[in-house]
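The values are calculated or read from the model by the stated rules, or taken from the named source; none is laboratory data. Predicted model only: the values in this text are computed from it and were never measured. Cβ sites come from the backbone with ideal geometry, for glycine too, and all protein chains shown count toward neighbours. Just the protein is used for accessible areas: all its heavy atoms, side chains included, with ligands, DNA and RNA removed. Shrake-Rupley method; radii C 1.70, N 1.55, O 1.52, S 1.80 Å.
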Amino acid sequence: MSWLKNLFSGNEGAAPAKTPMPPLAEQLRNYPPNIPPFACAQSALTPAKQDANLTHLLDSRKERLRLITDLLEHNGVDAAAMLDPKAAVSAVITAAGRIDDWLKQESGSLAQILPAAQGTEAFYHYQKSDRAGEDIIFTLAADLALLEGEAVRLRDPRFSWQVNRAKHLARTFHAKRPCLIRPAGPGEDSDYILDFDFAMVDILYDRITGQPPLRHYGTTLGQIITLGR
């Protein structure tokens, strides 16, 4: 919780509920970055580097989930149901919806701190970013992506975090990256592969267009836990 204390230095003793939250940009300046071992272009990701990035995700996920749920809680969003496999489906969907609402509310802040990018430039930038400093917004993307992915995994044990080495996706942005993967079932030609990181990057940039959002946080989660897909 030390990073949260930094946000309120000089206000010891004040009631947390009455202490106004700093702008998102200021909160993220104090937020511990989620730095992958190898942040580089896909062409530079050897199998060993891919495995190292996956190991980082697995080894750090407990701490990253604590950090993101703390951040959300201090912004008035309770995401606990998403990590509780016994929680009602309605509670999980409601929690994800509140995160989506929070992102909408923060659209102005996001516009100020997202790196300038057009189209697929955002994905290239994310791949090469250490998610720290001026790119700390990409840590928020990674942590929110992990939160949704873990919510899926906890409710559907067929899914697990793996490096995406699917041959039919070798030329896509999702190749060589940790993704949530469900093995192909009867009648399916390929594994079901979910790249929550790039989906989250897409959502953040979608929020700053000034248009009604086309993408929503929690959509994939909702489809899987309600429709089983």
Residue list for the range 166-180, restricted to those being without any contact (Cβ under 8 Å) to a residue 40 or more places away in the chain and surrounded by fewer than 21 Cβ atoms within 10 Å (Cβ to Cβ): 166, 167, 168, 169, 170, 171, 172, 174
Which residues, taken from the range 27-48, are part of a helix (DSSP H, G or I), more than 19 Å from the chain's Cα centre (by Cα) and surrounded by fewer than 17 Cβ atoms within 10 Å (Cβ to Cβ)? 43, 44, 47, 48
Candidate set: the range 85-116, residues that are touching a Leu at 6+ places or on another chain (Cβ under 8 Å) and in a loop (DSSP other than H, G, I, E, B); chosen: the one most open to solvent (accessible area, probe 1.4 Å): 85
More than 24 Å from residue 110 (Cβ to Cβ) and not hydrophobic (A, V, I, L, M, F, W, C): does that describe residue 212? no
Just checking, how many residues over the range 33-67 are more than 22 Å from residue 177 (Cα to Cα) and in contact (Cβ under 8 Å) with a residue 60 or more places away in the chain? 1
Could you list all residues from the range 73-83 that are outside any helix (DSSP H, G or I) and free of Cβ contacts under 8 Å to residues at least 40 places away in the same chain? 76, 77, 78
Which numbered condition residue 9 misses (of (1) modelled with pLDDT under 95; (2) over 30 Å from residue 210 (Cα atoms); (3) touching a Phe, Trp or Tyr at 6+ places or on another chain (Cβ under 6 Å)): (3)
Take the range 213-229 and flag every residue that is open to solvent by 40 Å² or more (accessible area, probe 1.4 Å) and among the hydrophobic types (A, V, I, L, M, F, W, C). 214, 227
Single match in 210, 185 (criterion: open to solvent by 60 Å² or more (accessible area, probe 1.4 Å), more than 23 Å from residue 43 (Cα to Cα) and either over 17 Å from the mean Cα position of the chain (by Cα) or basic (Lys, Arg) (or both)): 210
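For residue 71, indicate whether it is aliphatic (A, V, I, L, M), within 16 Å of the chain's Cα centre (by Cα) and open to solvent by 20 Å² or more (accessible area, probe 1.4 Å).
no
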Testing residue 70 on (1) more than 23 Å from residue 177 (Cα to Cα); (2) without any contact (Cβ under 8 Å) to a residue 24 or more places away in the chain; (3) outside any loop (DSSP other than H, G, I, E, B), one condition comes back false. Which one is that? (2)
Could you please find all residues in the range 117-145 being exposed (fewer than 15 other Cβ atoms within 10 Å of the Cβ) and part of a helix (DSSP H, G or I)? 121, 124, 128, 133, 134
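Given the criteria in a helix (DSSP H, G or I), of a type in the set (Gly, Ala, Ser) and at pLDDT below 95, does residue 60 qualify?
no
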Restricting attention to the range 153-182, which residues are among the hydrophobic types (A, V, I, L, M, F, W, C) and within 19 Å of the chain's Cα centre (by Cα)? 154, 159, 161, 163, 173, 175, 179, 180, 181
If you scan the range 162-186, which residues turn out to be touching a helix residue (DSSP H, G or I) at 6+ places or on another chain (Cβ under 6 Å) and not in a loop (DSSP other than H, G, I, E, B)? 163, 178, 180
